[in-house]
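Working notes for the structure below.
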Amino acid sequence: MSDRGEVDLTGAKQNTGVWLVKVPKYLSQQWTKASGRGEVGKLRIGKYVTVFIIQVSFTLNEELTLMDNMGEKSSMVRVPREHPFTMQTVGGQTLTVFTETSSADELFDNLVYMCACTCVCVSPHKDKIALEGVVVQRAECRPAANEHYMRLKRLQIEESSKPHRFSQQLEKAVTTNYKPVANHAYNLDYEKKKKEEGKRARADKQQVLDMLFSAFEKHQYYNIKDLVDITKQPVIYLKEILRDIGIYNVKGTHKNTWELKPEYRHYQNEEKSD
């Protein structure tokens, strides 16, 4: 069972052996051009070189050799036709091949495994899952080092080495994109606010004391920033007044806050509220 239903295990009962073949990227791209179940090439299985190694080669169809994704030079690029196989052993692993087919039993060549002369493809329509067989042979499909392959590799290297970004001289100013400004609006607001705070005039000391005592009647502890917002006085002037009537806490729970000296406190039953 799988998360999409039952798995057809007919291939396991028949003990079908398949080959797992690694192919070049350009070759798989050329295979996608074959419409429907069209033939993509021929697989030749020769005689045994040793007990476990045989001579195998793949020949691509002539109509699929022309590359069309290499830009301006695509008309002069052809992929190699001959691809000899490098055979490998499975190495004690247990590998299996599954296929996913739609209800219409359509096959797509997104992922291709080769079993002798049969191409087994995986479909993106995940309606039915079947076990096709167990991998008995691994191989690598390598292109023959001929003139077509060398030209293809040279063009691929040239395409990959092209810069993705480049400089270009403009004949006129660009008016559709973002325009730089000398100073942003939020910077102007901040500078304006800073100037207004810097121009705070010192009020009468008794008036400032009244505001401070009124504030400390509501709360026992304040930091200097809150007291500046309440009194609207310069920080230096406010600290001079606070030193006369208050205590600055440098440690403890209420660190970096101001509170009134004991002789100026008049809390009910000496209860302190934060």
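The values are calculated or read from the model by the stated rules, or taken from the named source; none is laboratory data. Everything quoted here is computed from the prediction, not taken from an experiment. Every residue, glycine as well, gets a Cβ built from its backbone with ideal geometry; the counts of neighbours run over all protein chains shown. Side chains are part of the model used for accessible areas, which takes the heavy atoms of the whole protein and leaves out ligands, DNA and RNA. Shrake-Rupley method; radii C 1.70, N 1.55, O 1.52, S 1.80 Å.
Candidates Gln220, Gln169: the one that is within 30 Å of Trp258 (Cα to Cα), modelled with pLDDT of 85 or more and not assigned by the TED database to the domain that holds His83 is Gln220.
Scanning the stretch 3-46 for residues that are part of a loop (DSSP other than H, G, I, E, B), at pLDDT 80 or above and under 34 Å from the mean Cα position of the chain (by Cα) turns up Val23, Pro24, Thr32. If you take the residues of the stretch 160-216 that are open to solvent by 80 Å² or more (accessible area, probe 1.4 Å) and touching a residue at least 12 places away in the same chain (Cβ under 8 Å), which of them is nearest to the chain's Cα centre (by Cα)? Filtering first and then ranking leaves Arg202. Just wondering, is there one or more residues in the stretch 184-199 that are touching a Phe, Trp or Tyr at 6+ places or on another chain (Cβ under 9 Å) and assigned to a loop (DSSP other than H, G, I, E, B)? The answer is no; no qualifying residue exists.
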